[in-house]
Each structure stands twice: as C-alpha cells, then as structure tokens.
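Colleague: I am attaching a structure below and will ask some questions about it afterwards.
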Amino acid sequence: MPEEKTLLGWREWVCLPALHIDAIKAKIDTGAKTCALHAYFIEVYQKDNQDWLRFDIHPYQDRADLSVECHAKLVERRNVTDSGGHIENRFVIETDLAVGQHRFKSQVTLTDRENMRFRMLLGRNALNGRFVVDSEQSYCLGSDPAEIYAV
C-alpha cells in the first residue's frame, strides 16, 4: 500500500539545515520544476579541487538586516525560464530540506528574489511522491516561527 502523502498549503515554512536556515517562508509552486532560493553576493571558490559557492540569504521577509552566509557545493549551472518567460542561467546546489516531518535532499537553484514575496519556491522536484497541495490552505505544517528571528 502506498504511503500517504502529507498535505501542504500554498505556502509553508521550510528548514534548510545544511545552510543554517532554521525557517524560510516558501511558496509551494507546482508549476516550477525545481526549487528556487533567494541568494545574493554569490561567489565561486575552490574546495578540495571542486567548485563551491558562498552566498548570502535574507531568510526572513522584511528583515534586510538579517543575513545568513551559506556555503554549498556547485552541482551545475542551468538555464531556467521564470514565470515571465525570461531565461536566466542559475547556479544549482543540492541541499537538505526539512518540510514538516519530511527530511530529504533536493536540487535548488539560486536567484535574486529580493523583490519577491517569497524567499523560496518549493518546486515539483521536492513535492513529487511526498506531498499533495491544497491551494485553499496555508501553513498546514505550522505557523510563523518568528521567534527564531526575534521579530
């Protein structure tokens, strides 16, 4: 018998433990193939003869003063078409995601989402086989963890 899938609303809180992001508000985007994460000041560097990325994230909306420096191995660069039809060449990383009780690795593209309502999009690559989405619901897995960021 197949395992029952977890219900998500159209927006949820996600944790990225390997990037030291305890909570980031994500829009659940069934139209996006891959997850996307807000990042800026992206720099490539060498570690153990491999390309790595250093980048900063503003994980909490409306808190430009709060920034987290992240490091991740570069998987590849990929052309991504956004919802407006614009093609952008993005860095791709693989990182751990925690969504409710689910813990798994997922590819994530890095892009500037500073002017977007959500710092992260959770795409089909993370949703498939794990979740179903109810577009009338929000935060099915819990409410705003604002205490993490002392707001």
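The values are calculated or read from the model by the stated rules, or taken from the named source; none is laboratory data. Predicted model, so just to flag it, every value in this text is computed and none were measured. Neighbour counts run over all protein chains shown; Cβ positions are idealised from the backbone, glycine included.
Colleague: If residue 148 meets every condition in (1) of a type in the set (Val, Ile, Thr); (2) assigned to a strand (DSSP E or B); (3) at pLDDT below 95 apart from one, which number is that one?
Modeller: (2)
Colleague: For segment 90-127, give me each residue that is assigned to a strand (DSSP E or B), polar (S, T, N, Q) and modelled with pLDDT under 95.
Modeller: 111 - this is the single residue of segment 90-127 that is assigned to a strand (DSSP E or B), polar (S, T, N, Q) and modelled with pLDDT under 95.
Colleague: In addition: In contact (Cβ under 8 Å) with a residue 60 or more places away in the chain, under 30 Å from residue 4 (Cβ atoms) and buried (at least 18 other Cβ atoms within 10 Å of the Cβ): is that true of residue 135 in this structure? So that I can check it myself, show each step before the final result.
Modeller: Details: in contact (Cβ under 8 Å) with a residue 60 or more places away in the chain: yes; under 30 Å from residue 4 (Cβ atoms): yes; buried (at least 18 other Cβ atoms within 10 Å of the Cβ): no.
No: the conditions fail for residue 135.
Colleague: If residue 105 satisfies every condition in (1) loosely packed, with under 12 Cβ neighbours inside 10 Å; (2) over 21 Å from residue 12 (Cα atoms); (3) within 12 Å of the chain's Cα centre (by Cα) but one, which is the exception?
Modeller: (2)
Colleague: Next question. Residues of segment 49-102 being farther than 30 Å from residue 7 by Cβ, under 17 Å from the mean Cα position of the chain (by Cα) and among the small types (Gly, Ala, Ser), which ones?
Modeller: 67
Colleague: Do we find that residue 82 is surrounded by 12 or more Cβ atoms within 10 Å (Cβ to Cβ), more than 26 Å from residue 145 (Cβ to Cβ) and modelled with pLDDT under 90 in this structure? Even if it seems obvious, please write down each step before you answer.
Modeller: On the way: surrounded by 12 or more Cβ atoms within 10 Å (Cβ to Cβ): yes; more than 26 Å from residue 145 (Cβ to Cβ): yes; modelled with pLDDT under 90: yes.
Answer is yes for this residue.
Colleague: Follow-up question, since we're still on this one. List, please: which pairs have Cβ atoms under 7 Å, are six or more places apart or on different chains, and start with a residue in segment 77-89 that is under 20 Å from residue 30 (Cβ atoms) and end with one that is surrounded by fewer than 10 Cβ atoms within 10 Å (Cβ to Cβ) and not β-branched (Val, Ile, Thr)?
Modeller: Going by the 7 Å Cβ cut-off, there are no qualifying pairs.
Colleague: Spot the failing condition for residue 69; the list is (1) under 28 Å from residue 145 (Cβ atoms); (2) surrounded by 13 or more Cβ atoms within 10 Å (Cβ to Cβ), and only one is missed.
Modeller: (2)
Colleague: Take the residues of segment 21-49 that are over 19 Å from residue 133 (Cβ atoms) and acidic (Asp, Glu): which is surrounded by the most Cβ atoms within 10 Å (Cβ to Cβ)?
Modeller: This residue is 22.
Colleague: Name the one entry in 51, 22 that is at pLDDT below 95 and among the acidic types (Asp, Glu). Steps first, please.
Modeller: Details: 51 fails: at pLDDT below 95.
None of the others qualify; the one that does is 22.
Colleague: Among the residues of segment 58-89, write down those that are in a loop (DSSP other than H, G, I, E, B) and among the polar types (S, T, N, Q). Steps first, please.
Modeller: Pass one, segment 58-89, residues in a loop (DSSP other than H, G, I, E, B): 58-67, 82-86.
61, 67, 83, listed by residue number.
Colleague: Is it true that residue 106 is under 19 Å from residue 28 (Cβ atoms) and among the hydroxyl-bearing types (Ser, Thr, Tyr)? Explain how you work it out, then say what you get.
Modeller: Values: under 19 Å from residue 28 (Cβ atoms): yes; among the hydroxyl-bearing types (Ser, Thr, Tyr): yes.
Criteria met by residue 106.
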